[in-house]
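The values are calculated or read from the model by the stated rules, or taken from the named source; none is laboratory data. Bear in mind that the values here come from a model prediction, so they are computed numbers and not experimental data. Backbone-built Cβ (ideal geometry, glycine too); neighbour counts: all protein chains shown. Calculation scope for accessible area: heavy atoms of the full protein, side chains included, ligands and nucleic acids excluded. Shrake-Rupley method; radii C 1.70, N 1.55, O 1.52, S 1.80 Å.
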Amino acid sequence: MAATVSLRQGDLVWGKLGRYPPWPGKIVNPPKDLKKPRGKKCLFVKFFGTEDHAWIKVEQLKPYHPHKEEMIKANKGKRFQQAVDAVEEYLKKVKAKQEQNSSDDKGKKEGKKEGKKEGKKEGKKEGKKEGKKEGKKEGKSKKPAGEKKRKASDSGPGSAIKKSREQSPRKRGRPPKEEKGTISPQPSSLKKLAMKTVSRFSWPPPTSEEDSAGDSSWLLHGHRTLGTEMVLKKPSVTYQAISKRLKVSEEDTGSTSIQAADSTAINGNITPTDKKIGFLGLGLMGSGIVSNLLKKGHTVTVWNRTAEKVQNTSGGIYSEVWDQDENNKPAMADNREHMHDDQQCDLFVQEGAHLGRTPAEVVSTCDITFACVADPKAAKDLVLGPSGVLQGIRPGKCYVDMSTVDPETVAELAQVIVSRGGRFLEAPVAGNQQLSNDGMLIILAAGDQGVYEDCSSCFQAMGKTSFFLGEVGNAARMMLIINMVQGSFMATIAEGMTLAQVTGQSQQTLLDILIQSQLSSIFLDQKCQNILQGNFKPDFYLKYIQKDLRLAIALGDSVNHPTPMAAAANEVYKRAKALDQSDNDMSAVYRAYIH
């Protein structure tokens, strides 16, 4: 988007912020304590249908009316339409106020006109009376009329003032009391002043009817380059469901996060980036991600490591599972394996994907390349191995690692990518195979914020929410903590189910009670159903959650922080692996308790 006309404060515009589609807003005054971002020229915009505010680059703004039809055709979401309706409602109110002001001004003019007429009439009556009195005096006087007349007009300042008062309609020509309100300028002036205040959206927010129609929460955020602070001002209020909301929070550590609301709920028609996308690794998570990228119109080139195919739950898409342990074969292979890769990727090619022969080729031909692999060793092999990512990196090329690995590994990968002029973002995902297929993953990103913004439509396609967590390593740490909690919870669920069984309690009744309790969740229900049905088809591999627990414990050790619950859970998962449950779902940890 590029501004085609000069924009100024008060103008209605379409604003484009990062990963979010163009949204209707108004250029307003920023708060005094919010500094303007350095670099390109920006204007501060309040968005309709939300209470979001942001600095938007001028080239990302378009005037509202000339581009209204174009934007409405491109965006059909319900909340987008609500935002457009909010603009129209705002325009109606402005028009009504303008008409009211016009009516007031007209009444004011008519009042003045009537006042002048009344004044003239009164003046004439008074003039006649004064004339008669003067005439009588002149008749009685023995002096010549000419001399008297001269004295009346030329006798000094006092006479001039008297004459002025006699001629002025203000004293004797004032309108009747009941007409004072019609001609007084005060109410109209106050109304104009109020209108100016509302049109500027001054800070703190006005309480006018014009703005109280929407959510009363006010959210303020300002973007700068990576590593600088982001500004937050957020009252304690309840948010309404809004479109493209950004929620900014500053943590105790000084790192920052940006949460984007569910993009698919706001606008089902995602506008795909025109950048070429590469994707390396078509496992349980990767296959669902690629499928959604293609469905949303992205240009995708895929590459896969192994010939192993697994039918996923949605049916129709085969996916390589990246399930090799650390001592398994390297990421790269010979041409014979690439032939298997062709077969592996065939269904994606049928859906419109391009086929990459090696990671280096994918990275060199694509603008942004994503990778989703099993563990730290696989992530390093993919980048550093023969025909690996590093060999295809060129200045400006973007590499996004979505694998769940330790902070040290991601820091090493970032360093080598950036050393070749590339740009790096870590973006591990929270979720499972079903959420991947549904495009409802949670993306945790850290590193190059510009890459994060460039990935906007991709993240919209694959996930419901994304967070930007600051410097490289933060996303890895957060992801390990999340999976540590999840893995420990799963072990506790399995422990409770087995204890119920051995004490003669109904496992189904236990589940029914838990579902009615504060612990109720989709996760709890699904995993308990797995146990009750004895169905451990992988949705999240047991060996991967054990790997994440191991890495989380190591993370705690690195900062001398105890993780006794995770350590205990880890031992249970290790026993389950010894019972040959590695390639089953994490809920198969249940079997560690019954053997």
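Scanning segment 461-485 for residues that are in contact (Cβ under 8 Å) with a residue 60 or more places away in the chain, part of a helix (DSSP H, G or I) and either under 22 Å from Arg550 (Cβ atoms) or open to solvent by 10 Å² or more (accessible area, probe 1.4 Å) (or both) turns up Asn474, Ala475, Ala476, Arg477, Met479, Leu480, Ile481, Asn483, Met484. Only one of the numbered conditions (1) modelled with pLDDT under 65; (2) surrounded by 13 or more Cβ atoms within 10 Å (Cβ to Cβ) is violated by Lys128, and that is (2).
Taking the criterion of being touching a Lys or Arg at 6+ places or on another chain (Cβ under 7 Å), over 11 Å from Gly487 (Cα atoms) and buried (at least 18 other Cβ atoms within 10 Å of the Cβ), the residues of segment 578-595 that qualify are Gln581, Ser582, Asp585, Ala592.
Among the residues of segment 51-77, the ones that are in contact (Cβ under 8 Å) with a residue 60 or more places away in the chain, exposed (fewer than 13 other Cβ atoms within 10 Å of the Cβ) and assigned to a helix (DSSP H, G or I) come to 1 in all. State all residues of segment 397-420 that are more than 13 Å from Met479 (Cα to Cα), at pLDDT 95 or above and touching a Lys or Arg at 6+ places or on another chain (Cβ under 8 Å); if no residue qualifies, say none. The answer is Lys397, Cys398, Tyr399, Thr409, Glu412, Leu413, Ile417. Residues that are in contact with a strand residue (DSSP E or B) (Cβ under 8 Å, 6 or more places away or on another chain) and without any contact (Cβ under 8 Å) to a residue 60 or more places away in the chain are absent from segment 511-521 altogether.
Residues are listed down the side, and each one gets a yes or a no for (1) closer than 26 Å to Thr465 by Cβ; (2) open to solvent by less than 80 Å² (accessible area, probe 1.4 Å); (3) at pLDDT 75 or above; (4) outside any loop (DSSP other than H, G, I, E, B):
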position: Thr4; (1), (2), (3), (4): no, no, no, no
position: Leu7; (1), (2), (3), (4): no, yes, yes, no
position: Arg38; (1), (2), (3), (4): no, no, no, no
position: Gly49; (1), (2), (3), (4): yes, yes, yes, no
position: Ala83; (1), (2), (3), (4): yes, yes, yes, yes
position: Ala96; (1), (2), (3), (4): no, yes, yes, yes
position: Gln100; (1), (2), (3), (4): no, no, yes, yes
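Among the residues of segment 491-506, those that are part of a helix (DSSP H, G or I) and either under 32 Å from the mean Cα position of the chain (by Cα) or β-branched (Val, Ile, Thr) (or both) comprise Thr492, Ile493, Thr498, Val502. Across segment 342-366, the number of residues qualifying as open to solvent by 60 Å² or more (accessible area, probe 1.4 Å) and modelled with pLDDT of 90 or more comes to 4. Taken over segment 538-567, the residue count meeting the criterion of being of a type in the set (Gly, Ala, Ser) and open to solvent by 20 Å² or more (accessible area, probe 1.4 Å) is 3.
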